[in-house]
1. Looking for whichever is farther than 22 Å from GLU90 by Cβ, crowded, with 18+ Cβ neighbours inside 10 Å and touching a strand residue (DSSP E or B) at 6+ places or on another chain (Cβ under 7 Å) here; the options are LEU387, LEU362. Which one fits?
2. Give PRO270, PRO244 a once-over and let me know the one that is over 13 Å from VAL198 (Cα atoms) and open to solvent by 10 Å² or more (accessible area, probe 1.4 Å).
3. Among the residues of the range 287-310, what is the count of those that are under 25 Å from PRO98 (Cα atoms) and either open to solvent by less than 20 Å² (accessible area, probe 1.4 Å) or free of Cβ contacts under 8 Å to residues at least 24 places away in the same chain (or both)?
4. Of these, LEU118, LEU162, which one is touching a helix residue (DSSP H, G or I) at 6+ places or on another chain (Cβ under 7 Å) and closer than 17 Å to THR77 by Cβ?
5. Given the structure, is GLY200 on the phi > 0 side of the Ramachandran plot and either out of contact with any Pro (no Cβ under 9 Å at 6 or more places or on another chain) or modelled with pLDDT under 95 (or both)?
6. Out of ILE144, ILE92, report the one residue that is buried (at least 22 other Cβ atoms within 10 Å of the Cβ) and in contact with a His (Cβ under 6 Å, 6 or more places away or on another chain).
7. Among the residues of the range 166-177, is there at least one that is crowded, with 23+ Cβ neighbours inside 10 Å, assigned to a loop (DSSP other than H, G, I, E, B), small (Gly, Ala, Ser) and without any contact (Cβ under 8 Å) to a residue 60 or more places away in the chain?
8. Residues LEU152, LEU129, LEU85, LEU148: which one is within 20 Å of MET1 (Cα to Cα) and assigned to a loop (DSSP other than H, G, I, E, B)?
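The values are calculated or read from the model by the stated rules, or taken from the named source; none is laboratory data. Remember, it's a predicted structure, so these values are computed and weren't measured experimentally. No Cβ is skipped: glycine too gets one built from the backbone with ideal geometry, and neighbour counts run over all protein chains shown. Note: areas computed on protein heavy atoms with side chains; ligands, DNA, RNA excluded. Shrake-Rupley method; radii C 1.70, N 1.55, O 1.52, S 1.80 Å.
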Amino acid sequence: MTLEYKETLEYLYSAAPAFEKVGAGAYKEGLSNTLALDEHFGHPHRSYHTIHVAGTNGKGSASHTLAALLQAAGYRTGLYTSPHLADFNERIRIDGKPIPHERVIRFVREERHFFEPLQPSFFELTTALAFKYFEEQQVDIAVIEVGLGGRLDCTNIISPLLCVITNISYDHTGFLGNTLAAIAAEKAGIIKPSVPVVIGEAPRMDSGSPGYRAEYDVRRVFQEKAREAGAPIRFADDRCLVTPQLLGQYALKGSYQARNLNTVLNSLIPLARAMKHAGLPLTRNGITSAEALRRALTGVTTMTGLMGRWQQLSEEPTVICDTGHNLAAWEYLAPQIEREAQQRPLRIVFGMVDDKDIHGVLQLLPSRATYYFTQADTHRAIPVGRLTALATEAGLCGTPYPTVAEAYHAALTEAPQDAFIFVGGSSYVVADLLSEPIKQG
């Protein structure tokens with residue numbers, strides 16, 4: 001990392017604060033800045049096709065898998081996701097390769113005179129850079145992950161071939177609403193007129209059944225929005241397309257990935273039809289071919305650079321990290337940790353940010369583990385002293401460490417070779433773990 005690139009990133013974070021750095025203070029509701037930036041750059045997203053992916057959990061994995069499928073089929077593929085883990089440029093990729101540092105530097109150098117008076121958010125600025133870069137590099141299609149919500153997210157100016165909404169659970173309730181139906185309504189805001197939409201998880205509910213509550217009926221919200229927009233809708237949990245063979249091929253090994261894979265598989269037919277209708281050139285191994293699917297599933301991490309999804313870092317001891325960061329994610333992670341660890345010594349390096357259901361997550365964590373409580377390098381992190389106190393109240397035993405690096409090194413030092421070490425609780429804990437000083441440590 002050059003000094004100029006480092007200074008550019010510091011400028012971006014200070015001039016346009018990022019949500020992951022400062023939280024609610026960086027959130028800007030509305031699309032006025034986005035539309036101004038889009039007009040300034042000449043509406044670059046109109047020069048290529050797009051897929052729009054939203055959801056509470058799994059949208060990153062689904063986005064990367066869709067991108068891998070498009071790459072395997074021979075399309076020049078853009079991928080825009082957030083947050084990054086080790087380097088900012090991970091957010092913007094073409095065929096798996098991150099945007100060059102020099103292009104980020106040049107963007108700020110050449111455009112700051114325009115965007116400084118606007119005072120855009122970090123995400124608004126990053127989105128403008130991604131859309132412009134994809135145009136410059138003449139991608140065929142780009143997979144665009146929603147940052148927060150959907151309806152008012154600054155990615156929501158695109159006219160995609162397909163919309164995907166992975167699932168709905170309680171997260172960012174201060175911005176999106178306090179009921180599942182309200183959160184679903186915000187995410188359903190990406191549904192566009194006549195554009196097919198695939199919903200990953202939306203359980204059926206019978207409104208006439210005893211105990212039915214409309215605030216939990218997310219399927220109804222999506223059905224009504226799709227009906228209003230004239231958008232064909234498909235519910236992936238009505239069609240289980242995942243086979244043991246496909247799941248065995250999938251490089252993403254978290255137990256929750258079966259649901260993400262089913263969402264992607266249900267997206268392929270409507271996407272292929274939309275691509276054909278849009279005039280995208282057919283390739284020898286199209287996105288629905290067995291060969292493209294095999295290459296994408298086995299190679300998704302190497303093809304797209306995806307990190308932090310049940311990622312194994314070491315064998316002796318076994319070290320796994322995962323970016324799962326809310327209650328819905330831990331309902332899958334906690335049982336999988338127990339299964340994978342079996343009777344081996346279990347160590348967990350754990351930290352969370354302050355807008356999650358910490359009490360609910362603590363109730364799910366394995367009680368037999370030894371904990372190394374910590375806080376990531378973000379203002380949103382729960383202070384490690386408070387986290388340790390809450391964990392102690394929940395009956396979990398551990399020691400506080402001021403940084404992820406110190407907590408991780410302590411776990412490694414104290415763990416026998418047959419131990420199972422898990423690092424997670426927050427994307428930012430994993431980001432600190434994967435930073436260069438720790439990797440060298």
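1. Values: LEU362 fails: touching a strand residue (DSSP E or B) at 6+ places or on another chain (Cβ under 7 Å).
Checking each option against the conditions leaves just LEU387.
2. Numbers: PRO270 fails: over 13 Å from VAL198 (Cα atoms).
Checking each option against the conditions leaves just PRO244.
3. Here the count works out to 9.
4. Values: LEU118 fails: closer than 17 Å to THR77 by Cβ.
Of the residues listed, the single one that is touching a helix residue (DSSP H, G or I) at 6+ places or on another chain (Cβ under 7 Å) and closer than 17 Å to THR77 by Cβ is LEU162.
5. Values: on the phi > 0 side of the Ramachandran plot: no; either out of contact with any Pro (no Cβ under 9 Å at 6 or more places or on another chain) or modelled with pLDDT under 95 (or both): yes.
No.
6. Numbers: ILE92 fails: in contact with a His (Cβ under 6 Å, 6 or more places away or on another chain).
Exactly one of ILE144, ILE92 is buried (at least 22 other Cβ atoms within 10 Å of the Cβ) and in contact with a His (Cβ under 6 Å, 6 or more places away or on another chain), namely ILE144.
7. No, the conditions are met nowhere in the range 166-177.
8. Numbers: LEU152 fails: within 20 Å of MET1 (Cα to Cα); LEU129 fails: assigned to a loop (DSSP other than H, G, I, E, B); LEU148 fails: within 20 Å of MET1 (Cα to Cα).
When all the criteria are applied, what remains is LEU85.
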